[in-house]
1. At a Förster radius of 30 Å, what calculated FRET efficiency corresponds to the Cβ-Cβ distance of Val28 and His105, to the nearest 0.05?
2. Could you give P(r) for the stretch 66-137, binned at 5 Å from zero, as whole percent values over all Cα-Cα pairs?
3. At what distance in nm do the modelled label points of Val132 and Trp69 sit from each other, each positioned 7 Å from its Cα along Cα→Cβ?
4. Accessible area of the stretch 73-211 with a 1.4 Å probe: how many percent of it is carbon plus sulfur?
5. Spin-label point model (7 Å from Cα, Cβ direction): what's the Arg173 to Val94 distance in nm?
6. When only the heavy atoms of the protein chains count and the probe is 1.4 Å, how do His71, His105, His196 rank by accessible area, highest first?
Amino acid sequence: MLEVIGQPGCEPFVVAIVLMLALLMIEVLSAALGLGVSDAVEHLLPDALVDPAVEADVAPNNLGRALGWLHIGKVPLLMILVCFLTSFGLVGWVGQSLMYGISGHLLPAGLASPLAFLASLPPTRWAAGILVRLMPKDETSAVSLAGFVGATARVSLGDATIDRPAGAVLSDRHGQRHNIRVIPDVPGDTLSQDEHVLLVAQVKGALFRAIPVPNSALIDKE
């Protein structure tokens, strides 16, 4: 199997494995140092790629179903990507090795890559499902997101403007922590990092409109 690694047709799978190792190292180091790289990446991405889970009053769409099938939204996105790159690299490498052993030739990369992509999705889902079961549940809850309106949260990542949400964290009545995103309720205002805010309306999913807490006595315990 090792003899096919450097041959034309196997480059996408070698790159995938190398990239997987780099991302895995970044994820492990960020977790150890408390840098929150996964959160930072997720807050830069569109809502559908980060929070495809269907909330109580929101109908699912096809993209949401596909992403939910891969457990995106339940596991940090970087870890999902690590699972995918591992599956893609190994499936492609093994497939090309089998092809080489049978015919003495490798499939062109342009043909092998889409085949490996499709074949790598089930093992990616399987690996992500294991991570869902292994991950701590301290940031999950059966509480409806709509019930967070009227609660206070702390802006935890970046400054929020009307067109650029920032990450925030709140604790529900059970003491469970939830990661949400906030934008100011008034266009032109800014919600600064580490500022405590009052959630006044749900925009969609985990995105809320918020105002600065008018009275420190309203701040919920985190």
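1. Once rounded, the FRET efficiency stands at 0.20.
2. Taking every Cα pair in the stretch 66-137, the percentages come to 3, 17, 24, 19, 13, 10, 7, 5, 2, 0.
3. 1.3 nm
4. 63 percent
5. Label at Arg173, label at Val94, 4.9 nm between them.
6. His105, His196, His71
The values are calculated or read from the model by the stated rules, or taken from the named source; none is laboratory data. Values in this document were obtained by computation on a predicted structure and should not be read as measured data. Every residue, glycine among them, receives a Cβ derived from its backbone with ideal geometry; neighbour counts consider all protein chains shown. Side chains are part of the model used for accessible areas, which takes the heavy atoms of the whole protein and leaves out ligands, DNA and RNA. Shrake-Rupley method; radii C 1.70, N 1.55, O 1.52, S 1.80 Å.
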